[in-house]
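The values are calculated or read from the model by the stated rules, or taken from the named source; none is laboratory data. Bear in mind that the values here come from a model prediction, so they are computed numbers and not experimental data. Positions of Cβ are backbone-derived with ideal geometry, glycine not excepted, and every protein chain shown enters the neighbour counts.
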Amino acid sequence: MAKQNKLKIIPLGGLGEIGKNITVHEYKDSIVIVDCGMTFPEDEMLGVDIVIPDISYLIRNKEKIKGLVLTHGHEDHIGAIPYVLKKIDMPIYGTKLTLGLLNNKLKEHNLQNVQMHDVTYGEKLKLGHFDVEFIRVTHSIPDSAAIALTSPVGTVIQTGDFKVDFTPISGDKMDLNRLAELGNKGVLALLSDSTNVTRPGFTMSESTVGDTFRNLFHMAEGRIIVATFASNVHRVQQIIDAAELNERKVVLSGRSMVNVITVAADLGYLKFKEGTIIDINDMNKYRKDQLAIITTGSQGEPMSALTRIASNEHRKIELMHDDLVIISASPIPGNEKTVSRVVNNLLEQGIKVIYESLAEIHVSGHACQEELKLMHSLVKPKFFIPVHGEARHLKMHADISADLGTPRENIFIMENGQVLEMTKNTAALGASVPSGHILVDGLGVGDVGNIVLRDRKHLSEDGLIVVVVTMDKDKGKVASGPDIVSRGFVYVRESEDLMDEARKVVKQTLESCEEKKIRDWSAIKSNIRDDLRTFLYTTIKRNPMILPIIMEV
Ligand SMILES: [Zn+2]
Ligand SMILES: [Zn+2]
């Protein structure tokens, strides 16, 4: 029998983590990629701005790539695209708002002539051996989609991020019918969002938040400052609605807030009366009870507008004693500390702050258990792969699938880089491909490796000592020095004695090198390093990075 062509599903990111989602679907000479996101660095990745997936597999198989399809416009789904486009040129398919937000991003990176194709729900795209269809889902950003990819092996559905909101703000409901239709025809595999799998029940509708806003806006006497995610266009809409209802003008603060809201408004995803949104410089023309400020910084990000307002470092917005601050988001795991720092900072100044646990000012954009079961029951997949979650989420989602009747052997808890090979009736894990993360530091991509990170950690904890010695090349003797400079280690003026001692240690080292006729600069440097390290550790139990520099004369 001839070798059967297999469908390969390869998650290059998004498994065992929440972030940098990217999944490869490959059949014969065709590759279709779903999403291409970034993630934020962990605490120990000092000085790293963002983290993107390792795409060496895609670079190696460049000529097979028929297109990148996008589920929605969140950073963990589109954030890595500018970096990847610099390596791989490929057509990109997405809904209108998703492409609008992406376009903004590409402009910042000066990327032109990118092939972008606006897709409508229900439209069928032919990308190599794949038929691709976008299906409307509801999420915390408008224009979100699940993707159905049909190859000769069968139909695979990737839910993207979703919740089942029966009363969405825009009125555009999730297309449960189409999912059911595909389910009836037979779905080979389902890859489903696991973010909220640990929560029982249903996620509340976005529209429930609107009531709380209307009440708070009605009662407030001073200004209202609301922090939320810029991309949560429906949330912003509800804040604007509450402002208009209470005759308040709206000021936007924070670069991403202004950018995203401008794109969303231009494309018709936000509706407000002319004159509702005013320039930040016109604020003083209004009484404080006529103003609402929508700002970034709901995660307490150090450079964000809200953090700067709270610490009185914002250039245009000064806190007033009767301001009401509303944080309309919940901290992403890991951000709890920065958020509570901002909240405490505000409370200490006597400012009233409302955050999630105090009132219903936030609902999640992800499906809870019952919604996940609904998705499962409609799609009825033969094979199930939980995605978009940490290990604990994936495991729990797998258990739910098994409870719903999926045979255990048909459920695959995968890791980034693993290859799932499928035929019409079988699925099995094959060999892995490279995966992992690439660190982006400012404009540099991938030039920060583990050694650089180790150095940064070392520097941040113990500081730096630079030893400068001038040596006579011919005689192999010290011409001047050693001089010692320290940064982030000890305050020199108070530790003059220590520095003197250190200088003596280096001098001795140099003398003994001279006696032993050591002329090799790198050998001398390593002697300096060893002796100084021993001295510093025995005297003050510190271990700074030591950088000997030898200048030749
Ligand atoms: Zn996501
Ligand atoms: Zn999302």
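For the stretch 52-66, a residue qualifies if it is under 22 Å from the mean Cα position of the chain (by Cα) and away from ligand 1 (no atom under 16 Å from the Cβ), and the qualifying residues are ASP54, ILE55, SER56, TYR57, LEU58. Which of the residues belonging to the stretch 184-195 are in contact with a strand residue (DSSP E or B) (Cβ under 8 Å, 6 or more places away or on another chain), on the phi < 0 side of the Ramachandran plot and outside any strand (DSSP E or B)? If the condition is that a residue be in contact with a strand residue (DSSP E or B) (Cβ under 8 Å, 6 or more places away or on another chain), on the phi < 0 side of the Ramachandran plot and outside any strand (DSSP E or B), then LYS185, SER194, THR195 are the ones that fit. Applying a threshold of 7 Å to beta carbon distances and a minimum spacing of six or more residues, or different chains, the list of pairs starting in the stretch 52-66 at a residue that is in contact (Cβ under 8 Å) with a residue 12 or more places away in the chain and ending at one that is part of a helix (DSSP H, G or I) reads ILE52/TYR83; ILE55/VAL84; ILE65/LEU58.
With the structure loaded, tell me whether SER205 is in contact (Cβ under 8 Å) with a residue 40 or more places away in the chain and more than 16 Å from ligand 2 (Cβ to nearest atom) or whether it fails that test. Criteria met by SER205.
In the stretch 153-161 there is at least one residue that is touching a residue at least 60 places away in the same chain (Cβ under 8 Å), within 27 Å of SER256 (Cβ to Cβ) and in contact with a Gly (Cβ under 9 Å, 6 or more places away or on another chain). Restricting the search to helices (runs of 4 or more DSSP H) fully inside the stretch 315-425 and requiring at least 2 residues that are surrounded by fewer than 17 Cβ atoms within 10 Å (Cβ to Cβ) and modelled with pLDDT under 95 gives 336-348.
Residues in the stretch 128-153 that are within 13 Å of ligand 1 (Cβ to nearest atom) and not small (Gly, Ala, Ser): VAL137, HIS139, ILE141. Taken as a whole, the stretch 161-179 holds no residue that is more than 16 Å from ligand 2 (Cβ to nearest atom), assigned to a strand (DSSP E or B) and under 28 Å from LEU420 (Cα atoms). Exactly one residue among VAL156, VAL187, VAL236 is under 24 Å from LEU420 (Cα atoms) and either within 16 Å of ligand 1 (Cβ to nearest atom) or surrounded by 23 or more Cβ atoms within 10 Å (Cβ to Cβ) (or both), and that residue is VAL156. Restricting TYR121, TYR83 to those that are away from ligand 1 (no atom under 16 Å from the Cβ), assigned to a helix (DSSP H, G or I) and among the aromatic types (Phe, Trp, Tyr) reduces the list to TYR83. Here ILE294 fulfils each of the conditions (1) of a type in the set (Val, Ile, Thr); (2) assigned to a helix (DSSP H, G or I); (3) under 19 Å from LEU101 (Cβ atoms) apart from (2). Taking residues in the stretch 312-329 that are among the aliphatic types (A, V, I, L, M), and partners anywhere that are assigned to a loop (DSSP other than H, G, I, E, B) and exposed (fewer than 12 other Cβ atoms within 10 Å of the Cβ), the pairs with Cβ atoms closer than 8 Å and at least 6 places apart or on different chains are LEU319/ASN312.
Taken over the stretch 495-553, the criterion of being farther than 25 Å from LYS473 by Cβ, hydroxyl-bearing (Ser, Thr, Tyr) and out of contact with any helix residue (DSSP H, G or I) (no Cβ under 9 Å at 6 or more places or on another chain) is satisfied by TYR537, THR538.
Of the residues making up the stretch 140-147, not a single one is surrounded by fewer than 20 Cβ atoms within 10 Å (Cβ to Cβ), out of contact with any Asp or Glu (no Cβ under 7 Å at 6 or more places or on another chain) and modelled with pLDDT of 95 or more.
Quick grid of which residues meet (1) modelled with pLDDT under 95; (2) within 15 Å of ligand 1 (Cβ to nearest atom):
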{"site": "LYS6", "(1), (2)": "no, no"}
{"site": "THR23", "(1), (2)": "no, yes"}
{"site": "GLU26", "(1), (2)": "no, no"}
{"site": "VAL34", "(1), (2)": "no, yes"}
{"site": "MET38", "(1), (2)": "yes, yes"}
{"site": "GLY47", "(1), (2)": "yes, no"}
{"site": "LEU68", "(1), (2)": "no, no"}
{"site": "ILE78", "(1), (2)": "no, yes"}
{"site": "THR95", "(1), (2)": "no, no"}
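Residues considered: TYR121, TYR83. Of these, the only one that is over 19 Å from the mean Cα position of the chain (by Cα), away from ligand 2 (no atom under 16 Å from the Cβ) and of a type in the set (Phe, Trp, Tyr) is TYR121.
Scoring LYS285 on the criteria (1) modelled with pLDDT of 95 or more; (2) under 25 Å from ILE18 (Cα atoms); (3) among the charged types (D, E, K, R) leaves a single failure, condition (2).
Look at GLU371 and say whether it is away from ligand 2 (no atom under 16 Å from the Cβ) and within 24 Å of HIS234 (Cβ to Cβ). Judged against the criteria, GLU371 is not a match. When residues in the stretch 311-330 are screened for being under 22 Å from ILE240 (Cα atoms) and touching a Gly at 6+ places or on another chain (Cβ under 8 Å), 4 of them pass.
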